[in-house]
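Each remark here refers to the structure printed beneath this line.
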Amino acid sequence: MTLALALRQRGMTAAVYEQAPELTEIGAAVALSANATRELRRLGVLDGVTAASTEPSALIYRSWQDGRSIAAFPVHDGLAYQTRFGAPYCGIHRADLQHVLAGALGGSGLQLGHRLVDLAESGDGIRLEFANGQSAQADLVIGADGVRSVVRRYVTGGEDAVYSGTSAFRGIVPLSRLPSLPDPQAIQFWMGPDAHLLHYAIGGGGQDVNFFAVVEGPKAWSHTGWQAPVGHGEALAAFKGWHPAVTEMIGAVEHTVRWGLFTVRPLLHWFRGRAVLLGDAAHAMLPHHGQGANTTIEDAITLAELLATASPGRLETSLGRYQAMRRARTRKIQRSSRVTNDLLHLQDGPALADRDRRVSRFPEDFGWIHAFDALGSVTGSAPISRPAA
C-alpha cells in the first residue's frame, strides 16, 4: 500500500492484490523508525500514523534476571530521536497502520481475497493468475508477497525461506496488567541466556504493550507454516527465573503457538523481465533491528522514484538500479541482525562486559540504519543524519 501511494503521488496507477479477505491481524504491531516515518511524512500519511501510535520515551537494554539498566538512550524525551534523525519513532498496531494506508488509498485499486498462484509473461505485459479463478494483466508485477513469495519463485526459480533456528512468542498486553514493568513507555530489550524479550507501547495513549519474546530452537522446523503449536506454559517455562516484569508480560497471554523466524538468503537477482521483488520477498531478515517493515518502505519509495524518472523503454535499466541500490543496504542489515541475535542471547560470563560495551554504543554503531533517506538516495539530496547532541 505504501508503494501504491508513492506511485500515485508520481502520476502512476497501481492495483494492490492481497490474499487476506480483510485487513486485520490480531496480536501484531510494527515499530516504525525514522528511515520509514520520513517517507510516510512525504506521502502525507504520517499525521494519521502518529495519532494511532506511541513514540517510546527511551530505548533501554536490561539484564534478564535483576532488570538492571545496561544502557539507555532518550527517544521521545527531549525529542532526542527526532532531533538526531529528522523524523519520529512510532509503535503502532499493524491493523491501525493498514487502516491509515488504506484510508489514504481511498479503496482505489485494493483487491482483497486474491492469492497469487502463477505468473506468465508475454509480449508487452505480464499475466497474474489467482486462486479464486480470476486473472489480471499488468505492465509490471511488484512482488511484496513475503518470505514465501510466489513472485520470488518466478524471478529466481527457487530460493526458499530458511529457518533461523530461533522462534518467538508474541502478544499485546494492557499496561494495567504489568505492575512490575519499569519505564513502561520505553522500548526495551531484556537480554539473557538463549533468549531475549523486546517490548514497546502502542496505541495513541500508549495503553498497551506489544512484546516479542525470542528463544533458541527448536533446532529444525517441521511445520509447513509459520506457526507451531505449543503446550500450556511452554512460553513461560522458557523464561523461568527471569525478572517479574518479563514473566508477568509473557504470562498475561495464553500462548497456543510459537512463530518460526525465517530469512531469505541474499539474492543475486531481484527482478526478471516484468517482475521485481520488494520487502521480505527479497530480503527477509531477523527482527532484531526492527527493520522488516522499515526497509520495505524504503524499497517502495526507491522503486517508485526510479520508475517515475525512467526513460521510455528503459524498464530494465531502472530495475537494475533499484536492485543495485537496495541489495547492498539490506544485506548489511540482514548480517547485522544475525550478529545481534547472538549478542542478545549470551550466556552469563566474561563476554557480557563486551556485550554491555557494544549496546552502550547503539547510536554510534546503528545510527546509519535510522538516518537513511531512501528518497535522497535516489535524487542525490543530502543525508538526514545529524551529529549527536
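The values are calculated or read from the model by the stated rules, or taken from the named source; none is laboratory data. Predicted model, so just to flag it, every value in this text is computed and none were measured. Cβ: placed from backbone, ideal geometry, glycine included. Neighbour counts: every protein chain shown. In case anyone asks, the SASA skips ligands and DNA or RNA and just uses the protein heavy atoms, side chains included. Shrake-Rupley method; radii C 1.70, N 1.55, O 1.52, S 1.80 Å.
Relative contact order, whole percent, for the stretch 124-164 stands at 24, derived from Cα pairs under 8 Å and 6 or more residues apart. Here the stretch 140-275 is assigned +1 on the Cβ of each Lys and Arg and -1 on the Cβ of each Asp and Glu. Its dipole about the Cα centre then comes out at about 580 debye.
Structural descriptor for the chain: relative contact order 21 percent, calculated from alpha carbon pairs under 8 angstrom and at least 6 residues apart. Sparsely packed loop sites in the stretch 230-283 (the GluC sites (Glu not before Pro) outside DSSP H, G, I, E and B with at most 10 other Cβ atoms within 10 Å) comprise Glu254. Could you work out what % of the accessible surface of the stretch 181-220 is carbon and sulfur, using a 1.4 angstrom probe and leaving DNA, RNA and ligands out of the count? So the carbon and sulfur contribution to the accessible surface is 55 percent.
Sorting the segments 372-380, 130-138 by their residues' average number of neighbouring beta-carbon atoms within 10 angstrom, most packed first, yields 372-380, 130-138.
Heavy-atom accessible area, probed at 1.4 angstrom with all protein chains present, ranks Lys219, Lys240 as Lys219, Lys240, highest first. Only one residue of Ser57, Val30, Pro74 has its Cα farthest out toward the positive end of the dipole of the stretch 1-104, where Lys and Arg carry +1 and Asp and Glu -1 on Cβ, and that residue is Pro74. For the stretch 32-172, which whole percent of the accessible surface, found with a 1.4 angstrom probe, sits on carbon and sulfur atoms? Ligands and nucleic acids excluded, carbon and sulfur give 46 percent.
Please work out the average accessible area per residue across the stretch 270-389, using the 1.4 Å probe convention, and give it in Å². Walk me through the intermediate numbers first.
Working: 5120 Å² over 120 residues.
That works out to 43 Å² per residue.
Only Lys, Arg, Asp and Glu carry charge here, each on its Cβ (+1 for the first two, -1 for the last two); on that basis the stretch 22-127 has a dipole of about 320 debye about its Cα centre.
Residue separation of Gln65 and Arg42 scaled by 0.36 nm, minus their Cα-Cα distance, works out to 4.0 nm of gained length.
Specify which residue in the list Gly203, Phe372, Ser360 is farthest towards the positive end of the charge dipole of the chain, using unit charges on the beta carbon of Lys, Arg (+1) and Asp, Glu (-1), about the Cα centre. Highest projection toward the positive end goes to Phe372. In this Cβ point-charge picture (+1 for Lys and Arg, -1 for Asp and Glu), the chain has a dipole of about 860 debye about its Cα centre. In this structure Arg148 has an accessible area near 100 Å², from a 1.4 Å probe over the protein heavy atoms. In terms of the mean number of neighbouring beta-carbon atoms within 10 Å, the peptides 305-318, 84-97 order highest first as 84-97, 305-318.
Working from Cα pairs under 8 Å separated by at least six residues, relative contact order for the stretch 244-389 is 21 percent. Normalised by residue number, the volume inside the convex hull of the Cα atoms of the chain is 138 Å³ per residue. Computed in the context of the full set of protein chains, the accessible area of the stretch 254-389 at 1.4 Å probe radius has 55% of its extent on carbon or sulfur. Convex hull volume of the C-alpha atoms in the stretch 1-54, normalised per residue: 102 Å³.
Surface exposure of the stretch 13-134, expressed per residue as accessible area with a 1.4 Å probe, stands at 45 Å².
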